Amino acid sequence: MYKELAKTYDPKDIEEKLYEKWMNKKYFHAEVDWSRKPFTIVIPPPNITGQLHMGHALDNTMQDILVRFKRMQGYNTLWQPGTDHASIATEVKIIEKLKEEGIDKDELGREGFLKRAWEWKKEYGGRIIEQLKKLGSSCDWDRERFTMDEGCSKAVTEVFLRLHKKKMIYKGSRIINWCPICRTSISDAEVVYEEQAGHFWHIKYPVVGTDEFLEFATTRPETMLGDTAVAVHPEDERYAHLVGKSVMLPFVNREIPIIADSYVDREFGMGVVKITPAHDPNDFEVGRRHNLPEINIMNDDATINENGGKFCGMDRYAARKQIVKELDEMGLLVRIEDYSHNVGTHDRCHTTIEPMIKQQWFVKMDELIKPAIKAVKEKEIKLVPERYESTYFNWTDNIRDWCISRQLWWGHRIPAYYCDKCGEIVVAKEMPKVCPSCGCEHFTQDPDTLDTWFSSALWPFSTLGWPDETEDLKYFYPTDVLVTGYDIIFFWVIRMIFSGYEQMGEKPFRTVLFHGLVRDSQGRKMSKSLGNGIDPLKIIEQYGADALRFTLITGNAPGNDMRFYMERVEASRNFANKVWNASRFIMMNLERADGSEASGDSLTDADKWILSKVNTLVKDVTENMEKFELGIAAQKIYDFIWEEFCDWYIEMVKPRLYRDVDETKGAAIWTLKTVLTTALKLLHPYMPFITEEIFCTLKELESKGEEEESIMISSWPEYQESLSFAAEEEAVETIKQAVKSIRGVRSGMNVPPSRKAAVIVVSAQDRIREIFEGSRVFFSTLAAASEVTIQADKTGIAQDAVSAVIPGATLYMPLSDLVDIEKEIARLNKERDRLTGEIKRSQGMLSNENFVKKAPAAKIKEEEEKLAKYTNMMNQVLEQLKHLGC
RNA sequence: GGAGAUAUAGCUCAGCUGGGAGAGCAUUCGCUUGACGUGCGAAAGGUCAUGGGUUCGAGUCCCCUUGUCUCCACCA
């Protein structure tokens, strides 16, 4: 029956094997079953370009914990997996690859490019999925989806058509963020601002018809080529006489008006702003207010176009240099100031954004966002932690229309078709046959594709079959929890929420659980450029997935960033090893039960104590997990297993097991198994592999039936009132205190563990003596006791025996040969001082009239009990000191 | 400019609705204790950033100040 298990736990042996087993058994798979309650999580779809990083590892560990927890609780659990086509990220990657092969994207053409992209997806798109499996993720892989698969694409077209019909999608000429390297527009959310050292160029334009000049400052002199006005504040007296006049724009020799607009800050710079409507978002607004011409001076690659006169063909920075130089020569450059300012860059390639006016497609946000605001405000959707609500509202309150067209090839092509003859726009699922306007039969589809987030916004329902009214959709939607990092609230979370309400008429999920960033040990973001990233797969390889998962989930509060330390991984690995060895111990001793599998009646105080403890643990862990306090729950399991179960209970049980005859042996083994099984179940969501391995080995040893063939589909433990044993808990706590005191005294006296000593327990209280009577057997292993004598008074105790005082009892150890009486007295004096302090504190509180009057009765009682306890201990210490002649 | 987070033991961080400060790692001492040295036992180490306030009572709630971080806005 005894099974030989390795002395140290080696995850490599089992992880792959168990994952395969789970897959084969279809434990991850969910089917609609109206007799059971569903629990659904949709995965934040990783990019097909992605490699598993620590952020993914954390995100997916959290999801897996929730899913495994709910599955064990009996929910019909679906974790919907899939990947995102990641339009721009992927396109950039493929362009790079083509470049290596010497192929130019434009030469290859759209079709050829897409063919290559799909090939790439086929080859690498599944890589991250395989990596998620190594983590232990229990996704329903039978349902794996891709944002560009047929169903999701259908959903995208459907939404586009619907919104267009409701006039919530429109095409318009707006100022957008243009990336000259990627040659596409990007949304506001994709712009990151970087502080850059630049200059403030003070320039002056001659005022027409006078000999005056108007001076202003700019950080971007090259945009002057597109200036169509100069603005001052309407109430600025310095320039009041100039409003209505005009200035002459150098180089292009355009006469432009001096206008008044309150957008100008009188205090800043010269209080004069040059207005370039085509290349600055604020100027654009001003321009529209004043009906100014919008002159685009740049090509898509940010070189100056024909509107820039002689600078045509120059790069924007080269032009800047040249323009400054020539202005200086013309005497129009007043001075140059150093100036550090924020520059918008593209979050993918960090190229400085060029604001440009372009025809683009937009989603109108004002109406769409309303239900999304309401939902969070009214807690229809809960954000955890709650503080992310302010971030959420910050965005929703300042929302601008969403630019959804991208000048890319990889993605969902915009379902808009232009009549070749009259230019009529038809938005339709397929290319129309005849132009409704002119009858022409030739159309060209809009070349642009949609923002990646347009399709991921639909993810919670597109993956379940929408727009078809599938059973899956009816059953699994709305989903329960969305787990994600706070960094994509704007990109994704908000957009899913308004899309859910708009398309489904219902929230996409009930709770959003945010986590923070995983940083390196110095608190820096893990990044490729710094080279400080830690590869989760390497950690798994070296320490096991369980250790990695446990590390990621413990030691920080929800939503906070965390630092990743190898020392913490080691600690988690050590914990896994601890669990392994505790189990090994139990399995090694199963045979000692010699058939006496008794439970109930023969349970000792210690058994009841640990059963009671694990019962409380069940409650605490379940409650915390329900509150999404995964780290607290994990910590409680850890503490219980290591301290209570291993360090105390197992040590207490040893003498019972090793004795030839012990009528409580069966009860001990039964308790060991019961508590272990319960603890393993609680731990399973966190450490799925090791718990499964032990659980199954244990079942195998017992050759029990198939009723619980895997821990992952076993039932979650429940708190039982009948397993709460207050008296036994108190009894064992007394014993623990006694043991600790003895250890403390021995250690203080430098008594080696090999030197056993008799322990004489003296207590006037029947109850205390009874407790010790029932527990004397523990003292041999726990406190190096040779024998334990229990008596009501001090009869027969050697004068120089060392003593340890606990509430209600004094413990004596005759160790005269080793004991230094002076030291013993010093120790007792220290104890006396400590108790004096405690008593003083307690008395102080109790003699405080306000405390007695206002504090709750329970608190007062508690304090009175403490006082009694310390007074009792004090008397024992004083007596002992007196005994030693002090 | 606006918002949020954070300041607790040498390091990294917990500390739920206010009622005697905790963990992991590191440190010191002891241990071939019939599961585990990836271990066991004992210990040392904190005026909980500063200053106020509320309260019988504040690490915990409120305000001020200071430091650090993040997000948003983007005044040319």
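Could you list, in sequence order, the residues of region A:279-308 that are more than 9 Å from RNA strand B (Cβ to nearest atom), within 23 Å of A:A319 (Cα to Cα) and crowded, with 24+ Cβ neighbours inside 10 Å?
Passing the criteria: A:H279, A:I297, A:M298, A:I304, A:G308.
crowded, with 18+ Cβ neighbours inside 10 Å, without any contact (Cβ under 8 Å) to a residue 24 or more places away in the chain and touching a helix residue (DSSP H, G or I) at 6+ places or on another chain (Cβ under 8 Å): which single residue out of A:T671, A:T677 fits that description?
After ruling out the rest, the residue left standing is A:T677.
Scan region A:562-571 and tell me whether some residue there is near RNA strand B (Cβ under 8 Å from one of its atoms) and open to solvent by less than 50 Å² (accessible area, probe 1.4 Å).
For region A:562-571, residues near RNA strand B (Cβ under 8 Å from one of its atoms) and open to solvent by less than 50 Å² (accessible area, probe 1.4 Å): present.
When the residues of region A:523-546 are filtered to those that are within 11 Å of RNA strand B (Cβ to nearest atom) and under 19 Å from the mean Cα position of the chain (by Cα), which remaining residue is least open to solvent (accessible area, probe 1.4 Å)? I'd like the intermediate steps shown before the answer.
Going residue by residue through region A:523-546, those that are within 11 Å of RNA strand B (Cβ to nearest atom) are A:523-525, A:542-544.
From what is left, the residues that are under 19 Å from the mean Cα position of the chain (by Cα) are A:523-525.
Details: A:G523: 21, A:R524: 90, A:K525: 122 Å².
Among them, the one singled out is A:G523.
From the set of residues in region A:644-660 that are more than 7 Å from RNA strand B (Cβ to nearest atom) and surrounded by fewer than 18 Cβ atoms within 10 Å (Cβ to Cβ), which is modelled with the lowest pLDDT? Step through it out loud before you land on a result.
Residues of region A:644-660 more than 7 Å from RNA strand B (Cβ to nearest atom): A:644-645, A:648-649, A:652-653, A:655-657, A:659-660.
Okay, now just the ones that are also surrounded by fewer than 18 Cβ atoms within 10 Å (Cβ to Cβ), so A:655, A:659-660.
Numbers: A:P655: 91, A:R659: 87, A:D660: 84.
Per the stated criteria, the residue is A:D660.
Right, A:I742: open to solvent by less than 20 Å² (accessible area, probe 1.4 Å) and either of a type outside the set (K, R) or within 21 Å of A:A606 (Cα to Cα) (or both) or not? Let's see the steps before the verdict.
On the way: open to solvent by less than 20 Å² (accessible area, probe 1.4 Å): yes; either of a type outside the set (K, R) or within 21 Å of A:A606 (Cα to Cα) (or both): yes.
Judged against the criteria, A:I742 is a match.
Which ones in region A:646-661 are part of a helix (DSSP H, G or I) and β-branched (V, I, T)?
Within region A:646-661, A:I650, A:V653 qualify.
Considering only residues that are open to solvent by less than 90 Å² (accessible area, probe 1.4 Å) and either more than 30 Å from A:T90 (Cα to Cα) or in contact with a Pro (Cβ under 7 Å, 6 or more places away or on another chain) (or both), which ones fall in region A:30-47?
If the condition is that a residue be open to solvent by less than 90 Å² (accessible area, probe 1.4 Å) and either more than 30 Å from A:T90 (Cα to Cα) or in contact with a Pro (Cβ under 7 Å, 6 or more places away or on another chain) (or both), then A:A30, A:V32, A:D33, A:P38, A:F39, A:V42, A:I43 are the ones that fit.
May I ask you to list the residues in region A:148-180 that are assigned to a helix (DSSP H, G or I) and either within 16 Å of RNA strand B (Cβ to nearest atom) or among the charged types (D, E, K, R) (or both)?
The answer is A:E150, A:K154, A:E158, A:R162, A:K165.
Among the residues of region A:176-211, count how many are over 18 Å from A:T303 (Cα atoms), out of contact with any Leu (no Cβ under 8 Å at 6 or more places or on another chain) and hydrophobic (A, V, I, L, M, F, W, C).
7
For a quick check of your reading: which helices (runs of 4 or more DSSP H) sit entirely within region A:355-465 and have at least 2 residues that are away from RNA strand B (no atom under 16 Å from the Cβ) and under 17 Å from A:F160 (Cβ atoms)?
A:452-456, A:459-462
One residue is enough: does region A:547-561 have a residue meeting the conditions near RNA strand B (Cβ under 10 Å from one of its atoms), open to solvent by 10 Å² or more (accessible area, probe 1.4 Å), in contact with a Leu (Cβ under 6 Å, 6 or more places away or on another chain) and part of a loop (DSSP other than H, G, I, E, B)?
yes
Matching residues to (1) at negative phi; (2) touching a Gly at 6+ places or on another chain (Cβ under 9 Å); (3) surrounded by fewer than 24 Cβ atoms within 10 Å (Cβ to Cβ):
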residue	(1), (2), (3)
A:S456	yes, no, no
A:S462	yes, yes, no
A:W466	yes, yes, yes
A:T470	yes, no, yes
A:Y475	yes, no, yes
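Any residue at all in region A:233-250 that is buried (at least 16 other Cβ atoms within 10 Å of the Cβ) and near RNA strand B (Cβ under 9 Å from one of its atoms)?
Looking through region A:233-250, at least one residue is buried (at least 16 other Cβ atoms within 10 Å of the Cβ) and near RNA strand B (Cβ under 9 Å from one of its atoms).
Among what's in region A:126-180 and is open to solvent by 30 Å² or more (accessible area, probe 1.4 Å) and acidic (D, E), pick the residue that is farthest from the chain's Cα centre (by Cα).
That would be A:E158.
Does at least one position in region A:35-44 carry a residue that is more than 25 Å from A:T551 (Cβ to Cβ), of a type in the set (D, E, K, R) and out of contact with any Leu (no Cβ under 9 Å at 6 or more places or on another chain)? Can you show your working first?
Pass one, region A:35-44, residues more than 25 Å from A:T551 (Cβ to Cβ): A:35-40, A:42.
Within this subset, residues satisfying the condition of being of a type in the set (D, E, K, R) are A:36-37.
Adding the requirement that they be out of contact with any Leu (no Cβ under 9 Å at 6 or more places or on another chain) leaves A:36-37.
Looking for residues that are more than 25 Å from A:T551 (Cβ to Cβ), of a type in the set (D, E, K, R) and out of contact with any Leu (no Cβ under 9 Å at 6 or more places or on another chain), one finds at least one in region A:35-44, hence yes.
Considering only residues that are of a type in the set (K, R) and more than 9 Å from RNA strand B (Cβ to nearest atom), look in region A:854-886 and name the one that is farthest from A:V762 (Cα to Cα).
In this case the residue turns out to be A:K861.
Please specify each residue of region A:832-851 satisfying the condition of being more than 9 Å from RNA strand B (Cβ to nearest atom), more than 17 Å from A:E879 (Cα to Cα) and of a type in the set (A, V, I, L, M).
A:L846, the sole residue that qualifies.
Can you tell me how many residues in region A:781-794 are modelled with pLDDT of 90 or more and assigned to a loop (DSSP other than H, G, I, E, B)?
Going through region A:781-794 one residue at a time, the tally reaches 3.
Would you pick out the residues in region A:185-228 that are of a type in the set (A, V, I, L, M), within 49 Å of the chain's Cα centre (by Cα) and away from RNA strand B (no atom under 11 Å from the Cβ)?
A:I186, A:A197, A:L225
Can you tell me which residue within region A:829-886, out of those that are basic (K, R) and touching a helix residue (DSSP H, G or I) at 6+ places or on another chain (Cβ under 7 Å), is most open to solvent (accessible area, probe 1.4 Å)?
A:R832
Looking only at residues in region A:181-232 that are touching a Cys at 6+ places or on another chain (Cβ under 8 Å) and in a loop (DSSP other than H, G, I, E, B), which one is least open to solvent (accessible area, probe 1.4 Å)?
A:S187
Would you confirm, using the coordinates I've provided, whether A:G331 is within 14 Å of RNA strand B (Cβ to nearest atom) and not in a helix (DSSP H, G or I)?
No.
Suppose the filter is surrounded by fewer than 20 Cβ atoms within 10 Å (Cβ to Cβ), closer than 20 Å to A:D605 by Cβ, at pLDDT 90 or above and within 16 Å of RNA strand B (Cβ to nearest atom); does A:Q765 pass it?
no
Against the definition (open to solvent by 10 Å² or more (accessible area, probe 1.4 Å), out of contact with any strand residue (DSSP E or B) (no Cβ under 9 Å at 6 or more places or on another chain), small (G, A, S) and assigned to a loop (DSSP other than H, G, I, E, B)), how does A:G50 come out, yes or no?
No; evaluated as a whole, the condition is false for this residue.
A:A576: within 15 Å of RNA strand B (Cβ to nearest atom) and crowded, with 20+ Cβ neighbours inside 10 Å, yes or no?
So A:A576 passes the test.
Just for region A:67-125: of the residues that are buried (at least 18 other Cβ atoms within 10 Å of the Cβ) and among the basic types (K, R), which one is nearest to A:V481 (Cα to Cα)?
Among residues in region A:67-125 that are buried (at least 18 other Cβ atoms within 10 Å of the Cβ) and among the basic types (K, R), the one nearest to A:V481 (Cα to Cα) is A:K70.
Hey, A:V518 hits all of (1) open to solvent by less than 20 Å² (accessible area, probe 1.4 Å); (2) away from RNA strand B (no atom under 13 Å from the Cβ); (3) touching a His at 6+ places or on another chain (Cβ under 9 Å) but one; which does it fall short on?
Every listed condition holds for A:V518 apart from (2).
The values are calculated or read from the model by the stated rules, or taken from the named source; none is laboratory data. All of these numbers come straight from a predicted model, not from anything done at the bench. So basically every Cβ, Gly included, is an ideal-geometry build from the backbone, and we count neighbours across all protein chains shown. Ligands, DNA and RNA are excluded from the accessible area calculation, which covers all protein heavy atoms including side chains. Shrake-Rupley method; radii C 1.70, N 1.55, O 1.52, S 1.80 Å.
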